[in-house]
1. Using helices alone, I'd like the mean residue ellipticity at 222 nm for the chain: each DSSP H run of four-plus residues gives -39500 (n - 2.57), total over residue count, nearest 500.
2. Would you please name the GluC sites (Glu not before Pro) within segment 52-146 that are DSSP coil residues with at most 10 other C-beta atoms within 10 Å of their C-beta?
3. Over segment 232-354, with the other protein chains present, what is the accessible area per residue in square angstrom, probe 1.4 angstrom?
4. What span do the alpha-carbon atoms of segment 231-354 cover on each of the three principal axes, reported in whole Å from largest to smallest?
5. Projecting each Cα onto the charge dipole of segment 178-253 (Lys/Arg +1, Asp/Glu -1 at the beta carbon, about the Cα centre), which of M224, S191, Q210 comes out farthest on the positive side?
6. Assuming R0 = 45 Å, what is the FRET efficiency of T9 and S285, from their Cβ-Cβ distance, to the nearest 0.05?
7. Trypsin sites (Lys or Arg not before Pro) within segment 135-167: which are DSSP loop residues with at most 15 other Cβ atoms inside 10 Å?
8. Order these peptides, 273-280, 186-193, 317-324, by their mean beta-carbon neighbour count within 10 angstrom, highest first.
Amino acid sequence: MAVLNEEQTMLRDMVREWTDNESPVTAFRAMRNAAPAEGFDRDAWGKMAEMGLAGIVIPEEFGGTAFGYLSLGLVLEQLGRNLTASPLAATSAAATAIVLGGSDAQKAHWLPRVADGSVVAALAVDEGPVHNPAKITASVTGGKLTGTKAFVAEGDSAGVFVVAATDGLYLVDGAAAGIARSTRRMTDARSHAEVRFDGVPAEKLDVATQAIVDRATAATCAEMLGLAVQAFETTNDYLKTRVQFGQLLSSFQALQHRMAKMFTEIELMRSAVEGAFEAIDSGRSDVDQAVSLAKAVAGDTCKLVSREMIQLHGGIGMTDEHDAGFYIKRAAVLEAMWGNAAYHRERFARLNGY
């Protein structure tokens, strides 16, 4: 488990209090029912930006706080607990590409607008139904980008795209002519869009595609951690109050064993996820391995806990009136995003020479 400094502890506690009071799961349900085109509540996103959350990975000179990726992970974990719909994960990953690989002009133009929440940024990499960065056909000729990206998170509202082409990452203005967006309705009721680029002006970023994908993957793991923690806590509370056969469900040893297994798996997941963020912040050479380890563990654990949440709630867990369905649906999408557990186990083995 990561050792937090005073600023990180205060940030975590502030966001936890805000999500519990201002963005509970009922707020996500209301957003789901209203179905805004952007896939999130813009008022809530504005408040998050006012708290400085949109600029966590952006340098202070461009309006950010430069708190680093561990701090970003702490925030995303708290948002994941209550399934808060926000573009923070996608925006932070795309903003990092600009921070690490953008020119001075690109940074000055985009980063302040991302930091104040007025512009949503999106990372567009995959072109098929599963994560496969080795199969990219989008290309740039004469400064014009052509290609199609499938299931781009926050693609419906993005004001700027960081797009993977055959020769690296490119920066694309979301308002440029030649961009066509088609909303993809996913089970988690969040923003996912197919984005087509037809001869769109694009500017090269001097940063490796995989380095940014690794940071996006780590951000996804943080949300999965928060989701798993809250699913466990909600289930645990239910077992302590639900009476069956004249006894509290929590008194049955078989159920105690299942909860104990989930608890230990979540603790292992936390260590792996926080380890990935620490590797990123310290600039270690094994960031790729740390991220794949985190995503593999997170995928397995999130799947286990979200399914047990439904099983241990019984019939009510199968209804839309209960929140359990929201957790398992979001968990399924996050597991597939940036590669599932099987993909990252294979990648981890390959990185270690197996």
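The values are calculated or read from the model by the stated rules, or taken from the named source; none is laboratory data. Remember, it's a predicted structure, so these values are computed and weren't measured experimentally. Methodologically, a virtual Cβ is constructed for each residue, glycine included, from the backbone with ideal geometry; neighbour enumeration extends over all protein chains shown. Note: accessible area is taken over every heavy atom of the protein model, side chains too, but ligands, DNA and RNA are not part of it. Shrake-Rupley method; radii C 1.70, N 1.55, O 1.52, S 1.80 Å.
1. -18000 deg cm²/dmol
2. Passing both the DSSP loop test and the Cβ count: no residue.
3. Here the residues of segment 232-354 average 50 Å² of exposed surface.
4. Here the Cα extents, ordered largest to smallest, are 56, 27, 27 Å.
5. S191
6. 0.95
7. In loop regions of segment 135-167 (DSSP not H, G, I, E or B), the sparsely surrounded trypsin sites (Lys or Arg not before Pro) are K135.
8. The most tightly packed comes first, giving 273-280, 186-193, 317-324.
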